[in-house]
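Just passing along the structure, written as C-alpha cells.
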Amino acid sequence: MIQARDIHKRFGDLEVLKGISLDVGKGDVVALIGPSGSGKSTFLRCLNHLETIDGGHLAIEGETMATTDANGTCRYAPLADVRRICSRTGMVFQHFNLFPHLTVLENIIEAPMTVKRMRRDEIVPKAEALLRKVDLLDKSGSYPSQLSGGQKQRVAIARALAMEPDLMLFDEPTSALDPELTGEVLRAMRQLAEEHMTMLVVTHEMNFARDVSTRVVFMDKGEIVEAGSAAALFSNPQHARTRAFLDHVL
Ligand code: ADP
Ligand code: MG
C-alpha cells in the first residue's frame, strides 16, 4: 500500500527526513512513534502530498508518485495522477480541521460531492451509515462548535472514510483531547483496524500501539531507528535512543 524508499526532505538548512524507508502492506496497522520534532508529521504529509519530497521513491498501491532519477533529480508524476493516487488516502489530523460553518453531515458529504461528484441522495445514506459507525448519528445536524473534541475527531474519521480510502493516515489523533475523550476515538480506530483497514498512525498512545498495531516504527531525528512488533520493541529495544524514548513514555 505504501512503498517509501530513502525519502529525503529539507526545510531550508534543516534536513527533516534523512532517508526514510518504510513499506506498509495491505491490512497493516503501523504505529509511528518518536520524540517531537523527529519528522513524523512531515513524513505523513509527504505521503499525502501535503509536502513534496526532495529525494527518494514514493509509491502508493504500486503507483509511483515521485521518484529520483539517475541524475539525482526528484520528479513527480503529473499532478492529475498525484491527485488520483492521493485520493485513495484518508488523513486525520491532531486538530480535526472540520469546516466550522458546516454541520456534521455537510462536513462529511462535502468532499464526496465536490471531488467525487457524487449525488447528494447517493452520499447522504453512506454518510449516515458512517455516523452510525462512529456513534454520532444523533449529531448529524450539529455544528463542530457544539461537539466535544472526541466527537469532532470521530466526525473527522467519518469524513475521511466517506471518500472510501484504501489507507488511512492518522497524525496524533488523540493528542489534542482531554484524557477522558481519547478512549472513544481509539475505539473507533480499533474498529477500523479490525475491519482490516490499512493504517499508519503517529501516536503517543503506547497501549494502542501495543494492542492494535501489527508493527511499531521508532523514528528519531529524521531517521527510522528501529522497527518491530510492539511486543519485541517495547520489551527488548535494540538501540539506546529507542530505550531512552520508551523510558519516558511507557
Ligand atoms: P514531529 O511530527 O515528529 O513532531 P515534524 O515533522 O512536525 O516532527 O517536524 C520535524 C522538523 O521539521 C521540526 O524541526 C519542525 O520544526 C520542522 N518543520 C516542520 N514543518 C516545517 C515547515 N513547514 N517549515 C520549516 N520547518 C518545518
Ligand atoms: Mg507531529
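Laboratory data are not the source of any read-out in this text; all were calculated from the coordinates shown. This one's a predicted model, so the numbers in the text were calculated from it and none came from an experiment. Glycine also receives a Cβ, built like all others from the backbone with ideal geometry; neighbour counts cover every protein chain displayed.
For the chain, which DSSP H helices look membrane-span-like by this rule: Cα extent along the axis of 15 Å or more and mean Kyte-Doolittle of at least -1.0?
104-114, 120-133, 149-161, 179-194
For the chain, set up a GNM with springs between Cα atoms under 10 Å and report which of Asp69, Asp121, Asp171 has the largest fluctuation.
In the Gaussian network model the winner is Asp121.
Still on this model: If packing is taken as the average number of other Cβ atoms within 10 Å across a peptide's residues, how do 215-221, 141-147 rank, most packed first?
Per-residue Cβ counts within 10 Å, averaged per peptide and sorted highest first, yield 215-221, 141-147.
From the phi of every residue in segment 15-32, what ³J(HN,Hα) in whole Hz does the Karplus formula 6.51 cos²θ - 1.76 cosθ + 1.60 yield, where θ is phi - 60° and glycine or proline is x?
7, 9, 10, 10, x, 8, 10, 8, 10, 10, x, 4, x, 5, 10, 9, 9, 9
Quick one: check the C-alpha center-to-center distance for segment 13-75 versus segment 82-126, whole angstrom.
24
So who's got an amide H within less than 5 Å of the one on Arg215, skipping anything under 5 residues away but keeping other chains? H placed 1.01 Å off N, in plane.
Correct list: Val29, Ala31.
Which lysines does Lys9 reach when only Cα atoms under 28 Å apart count, and residues fewer than 8 places away in its own chain are ignored?
Lys18, Lys26, Lys40, Lys221
Right, another one. Of Gly25, Ile108, Val155, which is farthest towards the positive pole of the chain's charge dipole, taken about the Cα centre with +1 and -1 on the beta-carbons of Lys, Arg and Asp, Glu respectively?
The residue sitting most towards the positive pole is Ile108.
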